[in-house]
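This report refers to the structure that appears directly beneath it.
The values are calculated or read from the model by the stated rules, or taken from the named source; none is laboratory data. Since the structure is predicted, the reported quantities are computational estimates derived from the model, not experimental observations. Here the Cβ positions follow ideal geometry from the backbone for every residue, glycine too, while neighbour counts run over all protein chains shown. The area values use the complete protein model at the heavy-atom level, side chains included, leaving out ligands, DNA and RNA. Shrake-Rupley method; radii C 1.70, N 1.55, O 1.52, S 1.80 Å.
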Amino acid sequence: MANIFDYLDWRADVPFSAAPFNEVDNLILAKLAYTDFSGIVPSDGTKVQLSDACRLFFSQHTHEEIRANTSFTAKAPLLMEKMTEGQRFGSMTLRYYVEKSGDGFQFSAVTFDLADRTEYVAFRGTDGTVAGWKEDFNFTFMDETEGQRLAVQYLNRIKGKVRVGGHSKGGNLAEYASAFCNDQDRILAVYSNDGPGFQEEVIQREEFQRILPRVKKIIPDSSIIGLLFSGGEDYVVVKSKAFGIMQHDGFTWLVNRNSFVNAPLSEKSRMAQKTIGSLLDKIEDEDMQMFTDLVFYVIESTGQDRFSSMNADKRKTAESIMNTLWRLPKEKQQEWFKLIGKLGLGSSQMISGFLSGLVKPKQ
C-alpha cells in the first residue's frame, strides 16, 4: 500500500514539464508546511533553497527525535529530506514563513516556489497547542476567526500565479483566503485536504461562490473533520490504510502513480456527518461560544499551552481539570449544567471524560 513517501520514490526525478502538478504533489506540500522553519526561512520574502532548509533543520534536530514523535505532523521533516533527492522538488525554494499564535488562534504559512514557475501557498493545520484547538472550536460559531483574517493578509502578499492549499484547518484557511483575497484571478487551484467547512453566512457570500469552481476538496473514505459543515464543494474520496479518525493523517492516504486511490464514502462517515450536523444545528452560536469558553477555561487551568505537556503527567492534568470544574463560581456552574442539557451530553461525568479526552487529541 503506497503513500506519499512511495510517490517520491517513484516520481522524484519526473519534472513538472513531463508530468504536471497533481493532487499528490499538493498533499506533499500541505504536509511539508507542518515543519518548523523558524530561524530557517525568513518572513521577509528571502528565498531559501529546499536543500539548505533541510540541512539547517537537521543541524538543529535529530532523526531520532523526529521518529520518536508520534503525532500526525511529525514525519514532515522526513518528507522534506526525501524531496531534496530528485529534480521534481529539488530546485524548489521557500519564503515568507510565518508562525503566530495568541488567545484562541494559531497560524502558520509558507510559500513554495516550484520549478513550473508557479507558487504554492501552504497554510498549516492544527498543531498541538491549546490555542490551535480553541480556534477549531471557534469555527462552529464564528464567521471569521483571527487565523482566517491572517490567512487573507498573507495571501495578499503573494503575487503571480499561485495554488493555495493546506491540510485540516489549513484547508479551511486556504479556501477562506482564496475567496476573500484582493485578486482571485491569479489563483490556479485551491486544495482542502480533509479541511472543515464554513458557517452558512460565509458560504453564501458572492466571493466564496466565485472561488468554488477552483476548490479541490480531498477527504478519506471515513472522513469526519472534512465533512464538518458544508462549503458546497465537490469532493474526491480517497482510500486510507488507517481506520476512523486516524484517516485524517494524510500519510495514510493511498497513492497510485499520479493520483490517489479512490474509494466510496463509508456509511459510518455519512452517519457521523448527519449526527454532528444535527447536533450543531440545534445549538445557538451564543451557546456554542459559551461552551467553548468554558471548556478552554478549564483546560487552560492546567497552566500548560500544549497538549503534549499535559500528556506528560496525565494524572496531574486530570486532577487540575476536575478541581477547576468544582471550583467554578456558582453562576458558571449553572451555565455549565444548562449547556450539558442543551448539548445532550448527559452528565458532568461525561463532560469530564470529554475534557480528559482532549488531553490527548486526535489531530
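Placing R0 at 45 angstrom, the Cβ-Cβ distance between Ala263 and Gln60 gives a FRET efficiency of 0.70 after rounding to 0.05. Would you please classify the overall shape of segment 21-115 from the alpha carbon gyration tensor, given that a ≥ b ≥ c denote the square roots of the eigenvalues, rounded means a/c under 1.5, and beyond that prolate means a/b larger than b/c while oblate covers the rest? Rounded is the answer for segment 21-115, as its axis ratio a/c remains below 1.5. Backbone geometry of segment 252-260 corresponds, through the Karplus equation with coefficients 6.51, -1.76 and 1.60 at θ = phi - 60°, to 3J(HN,Hα) couplings of 8, 6, 8, 10, 9, 6, 9, 8, 7 Hz, x marking Gly and Pro. The calculated FRET efficiency for the pair Arg67 and Asp103, based on their C-beta separation and a Förster distance of 35 Å, comes to about 0.55.
Less than 5 angstrom separates the built amide H of Lys216 from those of Val190, Tyr191, Ser192, all sequence-distant by 5 or more or on a different chain. Rounded is the label for segment 145-216, because the ratio a/c of its alpha-carbon gyration tensor axes (a ≥ b ≥ c) stays below 1.5. Using a cut-off of 24 Å between Cα atoms, the listed pairs Lys75/Lys268; Lys241/Lys268; Lys239/Lys274; Lys75/Lys169 include Lys75/Lys268 as exceeding that distance.
Across segment 35-48, computed HN-Hα scalar couplings (Karplus, 6.51 cos²θ - 1.76 cosθ + 1.60, θ = phi - 60°) run 5, 7, 9, 4, x, 10, 10, x, 8, 8, x, 4, 7, 10 Hz from first to last residue, x flagging Gly and Pro. Computed over neighbours whose Cβ is under 11 Å from that of Pro15, the net charge equals 0, Lys and Arg +1, Asp and Glu -1.
Seen through its C-alpha gyration tensor, with square-root eigenvalues sorted a ≥ b ≥ c, segment 173-269 comes out prolate because a/c lies at 1.5 or above while a/b is bigger than b/c. Taken along the Cα-to-beta-carbon direction at a fixed 7 Å, the label points for Asp52 and Asp234 span 4.2 nm. Fully extending the segment from Met271 to Arg205, taken as 0.36 nm per residue of separation minus the present Cα-Cα distance, adds 20.9 nm. Computed with a 1.4 Å probe over protein heavy atoms only, the accessible surface of segment 1-85 comes to 45 Å² per residue. To put it simply, the accessible area of segment 204-259 at a 1.4 Å probe is 51 percent carbon and sulfur. What you get for segment 1-93, charging only the Cβ of Lys and Arg (+1) and of Asp and Glu (-1), is a dipole of about 60 debye around the Cα centre.
A cut-off under 15 angstrom between Cβ atoms defines the neighbours of Arg210, and their net charge, with Lys, Arg +1 and Asp, Glu -1, is -3.
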